[in-house]
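A.B. asks: Before anything else, here's the structure in question.
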Amino acid sequence: MSDDLPKFELAFQPAHGVAVDVAPGVQRVTVNNPSPFTFHGTNSYIVGDRSVCVIDPGPEDEAHFQALMRALEGREVTHIAVSHTHKDHSPLSRRLKEATGAVIVAEGPHRAARPLHDGEANPFAESSDVDFVPDLVLADGDVVEGDGWTLSGIATPGHTANHMAFGLEGTGITFSADHVMAWATSIVAPPDGSMADFMASLERLLQRDDRLYLPGHGGPVTSPAAFCRGLRTHRRMRERAILERVKAGDRLIADMVKVIYRETDPRLHGAAALSVLAHLEDLTERGLVSTDGPARLAGVYLPA
């Protein structure tokens, strides 16, 4: 695939409520919470044999909690690792901790990538788990260990400011959460998300030698380096498309979305507008586009 566009994989059997073996010592249990943003649902992962870590326990969902408890029966849960604080990933960590006594591990509480501008509302505020507080803050490169497994924290801000992937040491497997997924590109929506951070995190992953990504939604990414290069190309093409629309006379994000995302499900046009905003934030910071004041959803954009 080299630097071509990523080849997205939509074939995925979620097996809701069932623990599926996806790699040696790794099981996946998918929440039955499908949507345009979650695909077939959020993936929780169980790492280890007798002593395990649960990665991204998911939303507060009774059926999923019971499915996890069935899969964990007879095993000790020592750690609960949370990739980021969107409500489809982190809330169930509190209940799972109460049931197992495990330590909750994450990069930190929820925070935005930048402060809100005057009069700006956070469009994803309702999706953010602002009550989340980890027991153990994991910095980039820190590790947690269990019986036969070691997870290392890989700071990958972009989708959220506190987004963290987890590398399963000695295996070439990384739990890429929502930063890199086989089925679609990640949503980068200001102020929670940052396109500059997202692109830098892609470069960070490209410096690694992983053989498999297990993401937060959908099936595995089986050629991580090629796929990440494809995502980088995709984002650069999107950036060029936005610059072309501005040069062609489009001044508003809504007008750009109508052209650039004309073949996209209209239900996703709101998220698409936020993605365009994320690119325009980056472009204005780099001096390639101008606007009056900070980049905003309702801003007027001109060629620099």
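The values are calculated or read from the model by the stated rules, or taken from the named source; none is laboratory data. Remember, predicted model here, so these are calculated numbers, not experimental data. Cβ atoms come from the backbone with ideal geometry, glycine included; neighbour counts cover every protein chain shown. For accessibility, only protein heavy atoms count, side chains too; no ligands or nucleic acids. Shrake-Rupley method; radii C 1.70, N 1.55, O 1.52, S 1.80 Å.
A.B. asks: Scan segment 48-64 and report the pairs whose first residue is on the phi > 0 side of the Ramachandran plot and whose second residue is part of a loop (DSSP other than H, G, I, E, B) and β-branched (Val, Ile, Thr), with Cβ atoms within less than 9 Å and a gap of 6+ or a chain change.
C.D. replies: Pairs found: Asp56/Val82; Gly58/Val31.
Yes/no matrix, rows are residues, columns are (1) assigned to a loop (DSSP other than H, G, I, E, B); (2) open to solvent by 30 Å² or more (accessible area, probe 1.4 Å); (3) more than 13 Å from Ser83 (Cβ to Cβ):
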site	(1), (2), (3)
Gly153	no, no, no
Gly158	yes, no, no
Val180	yes, no, no
Ser186	yes, no, no
Ala189	yes, no, yes
Asp192	yes, no, yes
Ser201	no, no, no
Tyr213	no, no, no
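A.B. asks: Search segment 175-220 for residues being hydroxyl-bearing (Ser, Thr, Tyr) and more than 16 Å from Ala23 (Cβ to Cβ), and hand back the single one that is nearest to the chain's Cα centre (by Cα).
C.D. replies: Taking the candidates together, the pick is Ser186.
A.B. asks: Now, a different point. Residue under question is Val52, and the condition is that it be modelled with pLDDT of 95 or more, open to solvent by 20 Å² or more (accessible area, probe 1.4 Å), under 23 Å from the mean Cα position of the chain (by Cα) and β-branched (Val, Ile, Thr); does it hold?
C.D. replies: no
A.B. asks: Are any of the residues in segment 124-136 buried (at least 23 other Cβ atoms within 10 Å of the Cβ) and hydroxyl-bearing (Ser, Thr, Tyr)?
C.D. replies: Looking through segment 124-136, none of the residues is buried (at least 23 other Cβ atoms within 10 Å of the Cβ) and hydroxyl-bearing (Ser, Thr, Tyr).
A.B. asks: Which of the residues spanning segment 73-107 are more than 16 Å from Gly216 (Cα to Cα), outside any strand (DSSP E or B) and either of a type in the set (A, V, I, L, M, F, W, C) or open to solvent by less than 10 Å² (accessible area, probe 1.4 Å) (or both)?
C.D. replies: If the condition is that a residue be more than 16 Å from Gly216 (Cα to Cα), outside any strand (DSSP E or B) and either of a type in the set (A, V, I, L, M, F, W, C) or open to solvent by less than 10 Å² (accessible area, probe 1.4 Å) (or both), then Leu96, Ala99, Ala102 are the ones that fit.
A.B. asks: Could you grab me the full set of residues in segment 103-127 that are under 20 Å from Val29 (Cβ atoms) and either of a type in the set (D, E, K, R) or touching a helix residue (DSSP H, G or I) at 6+ places or on another chain (Cβ under 7 Å) (or both)?
C.D. replies: Ile104
A.B. asks: Can I ask one more? Under the condition of being over 19 Å from the mean Cα position of the chain (by Cα) and open to solvent by less than 70 Å² (accessible area, probe 1.4 Å), which residue from segment 137-151 is nearest to Leu205 (Cα to Cα)?
C.D. replies: Per the criteria, the residue is Asp142.
A.B. asks: Among the numbered criteria (1) more than 26 Å from Ala295 (Cβ to Cβ); (2) free of Cβ contacts under 8 Å to residues at least 40 places away in the same chain, which one does Ile173 miss?
C.D. replies: (2)
A.B. asks: Those residues that are within 15 Å of Pro14 (Cα to Cα) and open to solvent by less than 10 Å² (accessible area, probe 1.4 Å), I need them from segment 31-49; list them, please.
C.D. replies: Within segment 31-49, Val31, Gly41, Thr42, Asn43, Ser44, Tyr45 qualify.
A.B. asks: Among residues belonging to segment 160-174 that are open to solvent by 10 Å² or more (accessible area, probe 1.4 Å) and assigned to a loop (DSSP other than H, G, I, E, B), point out the one that is nearest to Pro191 (Cα to Cα).
C.D. replies: Looking at the filtered set, the residue picked out is Ala161.
A.B. asks: Turning to a different aspect of this structure: Quick check on this structure: which one of Arg28, Arg70 is of a type in the set (Lys, Arg), free of Cβ contacts under 8 Å to residues at least 60 places away in the same chain and either surrounded by fewer than 16 Cβ atoms within 10 Å (Cβ to Cβ) or within 18 Å of Val221 (Cα to Cα) (or both)?
C.D. replies: Arg70
A.B. asks: Working only within segment 215-229, note down all residues that are open to solvent by 40 Å² or more (accessible area, probe 1.4 Å) and assigned to a helix (DSSP H, G or I).
C.D. replies: The answer is Ala225, Arg229.
A.B. asks: Identify all residues within segment 255-292 that are among the aliphatic types (A, V, I, L, M), over 17 Å from Thr185 (Cα atoms) and surrounded by 14 or more Cβ atoms within 10 Å (Cβ to Cβ); write none if there are none.
C.D. replies: Met256, Leu280, Leu283, Leu288, Val289
A.B. asks: Moving on. Every residue in segment 230-254 that is open to solvent by 20 Å² or more (accessible area, probe 1.4 Å) and over 22 Å from Pro6 (Cβ atoms), please.
C.D. replies: Arg245, Lys247, Ala248, Gly249, Asp250, Arg251, Leu252, Ala254 - these are the residues of segment 230-254 that are open to solvent by 20 Å² or more (accessible area, probe 1.4 Å) and over 22 Å from Pro6 (Cβ atoms).
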